[in-house]
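Quick notes on the structure that follows.
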């Protein structure tokens, strides 16, 4: 998949079929747009996702979005930074310069609530009207719904902030995760007989509330069930950064330096400070592990 990070360097041969939006969650609503793009793309045109980039924290990183789009079969991911030039570009100017001039769009697929251009003056109906002038077709898709509520990144962030991981994963259409290299922690896990892996999530990654979760950790060679603490380790004096620390069930491997993806499946409890390391150990091994194993047993989760 081609990856264009600077709008000025975007120069497609065309014709292309394009969908536009923030795509900061790649949730089921986004996937609906992308699947339609792929269907149209079978007509031998280039499939393009144009993502408007903002500095806010995201449900997934740029690397995670790239991997998902690449797996789906999109030809080109074009990132458009929301700089002063783009923010002050009028709707018709954007159509003329970017959609037609740079992307050579033959088809455009957007959601019914799509807005673009200076002061968000352009909408899906305007885009459809201008398509007749500039020679491209526009399809406007209805929102993907969860009951009576539209699926959106805002809705998913609300659920993530409450730690409702089952709902988050349902709305996303895939398991929420964070990826990183296993790094050395303080070594206290080995000291108290609970060896753990430690990751530091990317700063731009939106994470669930500090607490303990039933998780699955994926490594290049296999995966493990486990429990993960997201937070600052208050019982042992705290850290100056947010960490993702996982106790892997039935694992005796040395995993330092290995890439790991931790997927979150169920919230167990909020992070809290214990009176002693022994009390923390009792909570982890006596309650948290048992609850996580019960959760996986009920879900009949089997490792791939």
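The values are calculated or read from the model by the stated rules, or taken from the named source; none is laboratory data. Keep in mind the model is a prediction, meaning the values are calculated, not measured. Positions of Cβ are backbone-derived with ideal geometry, glycine not excepted, and every protein chain shown enters the neighbour counts.
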Going residue by residue through the range 248-256, is there one that turns out to be part of a loop (DSSP other than H, G, I, E, B), in contact with a helix residue (DSSP H, G or I) (Cβ under 8 Å, 6 or more places away or on another chain), farther than 20 Å from residue 160 by Cα and at pLDDT 85 or above? yes
Residue hits (the range 160-182; more than 22 Å from residue 245 (Cβ to Cβ), in contact (Cβ under 8 Å) with a residue 40 or more places away in the chain and touching a helix residue (DSSP H, G or I) at 6+ places or on another chain (Cβ under 6 Å)) are 171, 173
